[in-house]
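Trainee: Before I ask anything, let me first share the structure, which is written out below as structure tokens.
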Amino acid sequence: MPHSLTIKLIAACAMLHWATASFSHENHVRNPVGSNAMNVEQKDWGIAGEAQAVQRTLTIRMRDNMRFTPAHLEVKQGETVRLIVNNSGKLLHELVIGSPQALAEHAEQMLKFPTMEHGSPDMAHVAARKTGEIVWHFNRAGDFAFACLIPGHYQAGMTGTIRVSAPSGDMTDGEVRFRAEQIKGAFVVMSIEKITP
Ligand SMILES: [Cu+2]
């Protein structure tokens, strides 16, 4: 490889620093302190986050009118977010993150088996007047959702949406153009070429 191109690749990598920093978590062997390792599983909508990696805290309020406030979240791929889930109602509520389809299926199960115990790092059950939290690492881009799956609540419209946006594909740096793609949630440089002026 010509020396000048090597230099340019290093420059390109430096420019990508923000992205690689965001995505580096994908490659770690995950063993978060204080969480049940058995529950740490990559889902389409992300993976359990580590408290020390939290970049942003968002508060979502749940009320007995079967609504979340806010009901839409915007997240950047690679972000670890702490969701503070505040129940200001008199009923038990919960916030479960998932794909729209996974939540619909889960809600169906909850209707059939109302006493079914469910628990994992992507959900928080919150008693009346209490606050719970979820630390979640959104390492996959896409349109996801959250919902309260207490029987009847999902059906009454207690749902919200999450958009996890990915960085864009083509980037240039001086004489180098490179294309990056998301592959199974990881940020991969697919091709690098010299631009001829
Ligand atoms: Cu609810």
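Coordinate-derived values only; no laboratory data. The structure presented is a predicted model; accordingly, all values stated were derived computationally and were not measured. Cβ sites come from the backbone with ideal geometry, for glycine too, and all protein chains shown count toward neighbours.
Trainee: Any residue at all in region 103-117 that's within 28 Å of residue 167 (Cβ to Cβ) and surrounded by 13 or more Cβ atoms within 10 Å (Cβ to Cβ)?
Mentor: Yes - at least one qualifying residue is present in region 103-117.
Trainee: What are the residues in region 91-106 that are within 16 Å of the ligand (Cβ to nearest atom), closer than 23 Å to residue 58 by Cβ and of a type outside the set (D, E, K, R), if any? Outline the logic, then answer.
Mentor: Filtering region 91-106 for residues within 16 Å of the ligand (Cβ to nearest atom) gives 91-98, 103-104, 106.
Remaining after also requiring closer than 23 Å to residue 58 by Cβ: 91-98, 103, 106.
91, 92, 93, 95, 96, 97, 98, 103, 106, listed by residue number.
Trainee: Out of region 86-96, which residues are part of a strand (DSSP E or B) and out of contact with any Leu (no Cβ under 8 Å at 6 or more places or on another chain)?
Mentor: 86, 87, 93
Trainee: Counting residues that are in contact with a Phe, Trp or Tyr (Cβ under 8 Å, 6 or more places away or on another chain) and among the hydroxyl-bearing types (Ser, Thr, Tyr), which strands (runs of 3 or more DSSP E) fully inside region 106-169 reach at least 1?
Mentor: Passing ranges, in order: 159-165.
Trainee: Name every residue in region 46-70 that is closer than 17 Å to residue 145 by Cβ and not in a strand (DSSP E or B), in order of residue number.
Mentor: Within region 46-70, 66, 70 meet the criteria.
Trainee: Can you report the number of residues in region 57-90 which are away from the ligand (no atom under 13 Å from the Cβ) and farther than 19 Å from residue 143 by Cα?
Mentor: So the count comes out to 3.
Trainee: Okay, next question. So the check is Cβ under 7 Å with 6+ separation or different chains; which pairs have a first residue in region 128-155 that's in contact (Cβ under 8 Å) with a residue 24 or more places away in the chain and closer than 16 Å to residue 72 by Cα and a second one that's in a loop (DSSP other than H, G, I, E, B) and aliphatic (A, V, I, L, M)?
Mentor: If the second residue must be in a loop (DSSP other than H, G, I, E, B) and aliphatic (A, V, I, L, M), the pairs left are 141/166; 147/158; 148/158.
Trainee: Which residues, counting only those in region 56-83, are touching a Lys or Arg at 6+ places or on another chain (Cβ under 9 Å) and surrounded by fewer than 15 Cβ atoms within 10 Å (Cβ to Cβ)?
Mentor: Passing the criteria: 56, 57, 58, 64, 69, 70, 72, 74.
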